[in-house]
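S.K.: Mind having a look at this structure? Questions to follow.
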Amino acid sequence: MIEERGRDTISSITNEVRQVPHLLGLLKKEPPLPEQPAMGFFTDTSLCIGCKACEVACKQWNQLPATTPDWTGTSYDNTKQLGATTWRHVQFIEQIGRRKPSETQAAAPVSKLPELDLFQSSVAQDVIPATPPGTALPFFSSDRWLMQSDVCKHCANAPCQEACPTGAIIRTEFDTVYVQQDICNGCGYCVVACPFGVIARDSGGDGQAHKCTLCYDRLKDGMTPACAKACPTNSIQFGEVATLKQHARERVGELQKHGVDSARLYGADDQILEGGLNSFFLLLDEPETYNLPANPSRPSTHVLPTSLGTIIAAVLMGLMSIFFFKKE
Ligand code: SF4
Ligand code: SF4
Ligand code: SF4
């Protein structure tokens, strides 16, 4: 009987010892995923027609609930803004009455108008006036709608990631910024750190922070993000960031050659947030017109000066109180 019990104990110990390599294996750190080129978006707003196919495709692929349409009274765009359940938002920037018709002709002389043969020859022959009244055609009228499909910028130095205290926000192997929903505790630090108002807490749902994933699940399977796939005009171009930047510079040059002097890139160089944006834009006006800050800053850059200021103020107050107490 005692012998049998001894044998049982020895065999159970042997079994546990056999498990040790397996358990140690679980503790091992997984090797890093193979390096990939940085992937991102070049959004060419000069090609956007405001169809919102990208917005819908994003909702559909990510199974995000639709927001109740709400008449803003200020725009035909009633999505209003990016949010926890709206990861793509097409802005309609309606610029009506920018210049009075009388000023339009002076401000846009024929030589500055787009160099389209049909247009130039018609104006030269006085077939059509440079500014026919009541026309909505962009070449003749100063009124315009700017369209921009806004999204997370997947910043090279992402303030949201710097601010996250739990490590829920990571960079993926595609150099995109991704929120791990099982780690996010909904503290909201990332929300205030993002200078573009992109990431938001789903206060009516799980309370966690959400934003565009750059379709990480699709990228893993070698697929194009849903929004870029749905865009009918190629306004949203997806690819390697370095190639996209090259293409974007060529596109700006092309537009400027054809008289669109206001065409410019936003986030394609390293100036924005000291590293640039992996999702950058071609704009037709000042960044502020598109609700984009001209010089956004990373909150972390303010920590040192602010801390020094606080320390100096504390020392001064300490010295002053010693001085006054001594006097009394
Ligand atoms: S745009 Fe905002 S949410 Fe997106 S990576 Fe940059 S800081 Fe984060
Ligand atoms: S990349 Fe994917 S998650 Fe991001 S906006 Fe496009 S469809 Fe939505
Ligand atoms: S980006 Fe493309 S899909 Fe989105 S609104 Fe503009 S044209 Fe339509």
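S.K.: Just to verify a result, which residue in the stretch 204-229, among those that are more than 13 Å from ligand 3 (Cβ to nearest atom) and hydrophobic (A, V, I, L, M, F, W, C), is farthest from Arg171 (Cα to Cα)?
M.R.: Only one residue fits best here, namely Met223.
One line per residue, one yes/no per condition, for (1) away from ligand 2 (no atom under 16 Å from the Cβ); (2) in a strand (DSSP E or B); (3) buried (at least 17 other Cβ atoms within 10 Å of the Cβ):
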residue: Arg5; (1), (2), (3): yes, no, no
residue: Glu16; (1), (2), (3): yes, no, no
residue: Val20; (1), (2), (3): yes, no, no
residue: Thr43; (1), (2), (3): no, yes, yes
residue: Asp77; (1), (2), (3): yes, no, yes
residue: Gln91; (1), (2), (3): no, yes, yes
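S.K.: A further question on this structure: Kindly indicate whether Thr67 is within 16 Å of ligand 2 (Cβ to nearest atom), in a loop (DSSP other than H, G, I, E, B) and buried (at least 17 other Cβ atoms within 10 Å of the Cβ).
M.R.: no
S.K.: Mind checking which residues of the stretch 132-164 are surrounded by fewer than 22 Cβ atoms within 10 Å (Cβ to Cβ), modelled with pLDDT of 95 or more and not hydrophobic (A, V, I, L, M, F, W, C)?
M.R.: Scanning the stretch 132-164 gives Asn157, Gln161, Glu162.
S.K.: Based on what the data block shows, is Val179 of a type in the set (Val, Ile, Thr), farther than 20 Å from Phe42 by Cβ and at pLDDT 95 or above? Spell out the reasoning first.
M.R.: Numbers: of a type in the set (Val, Ile, Thr): yes; farther than 20 Å from Phe42 by Cβ: yes; at pLDDT 95 or above: yes.
In short, yes.
S.K.: When you check Thr14 against the structure, is it of a type in the set (S, T, N, Q) and within 16 Å of ligand 3 (Cβ to nearest atom), yes or no?
M.R.: No.
S.K.: Which number in (1) touching a Phe, Trp or Tyr at 6+ places or on another chain (Cβ under 6 Å); (2) over 21 Å from Cys155 (Cβ atoms) marks the one condition that Leu319 misses?
M.R.: (1)
S.K.: Now a separate question. Return yes or no: is Asp217 of a type in the set (Asp, Glu) and under 29 Å from Cys51 (Cα atoms)? Working first, answer last.
M.R.: On the way: of a type in the set (Asp, Glu): yes; under 29 Å from Cys51 (Cα atoms): yes.
When the stated conditions are applied, Asp217 passes them.
S.K.: Looking only at strands (runs of 3 or more DSSP E) that fall completely inside the stretch 191-309, which ones have 1 or more residues that are out of contact with any Pro (no Cβ under 9 Å at 6 or more places or on another chain) and more than 15 Å from ligand 2 (Cβ to nearest atom)?
M.R.: Working: elements: 236-240, 264-266, 279-283.
Correct list: 264-266, 279-283.
The values are calculated or read from the model by the stated rules, or taken from the named source; none is laboratory data. Here the structure is a predicted model, which is why all the values come from computation and not from measurement. For neighbour counting, all protein chains shown are included, and Cβ atoms are generated from backbone atoms with ideal geometry for every residue, glycine included.
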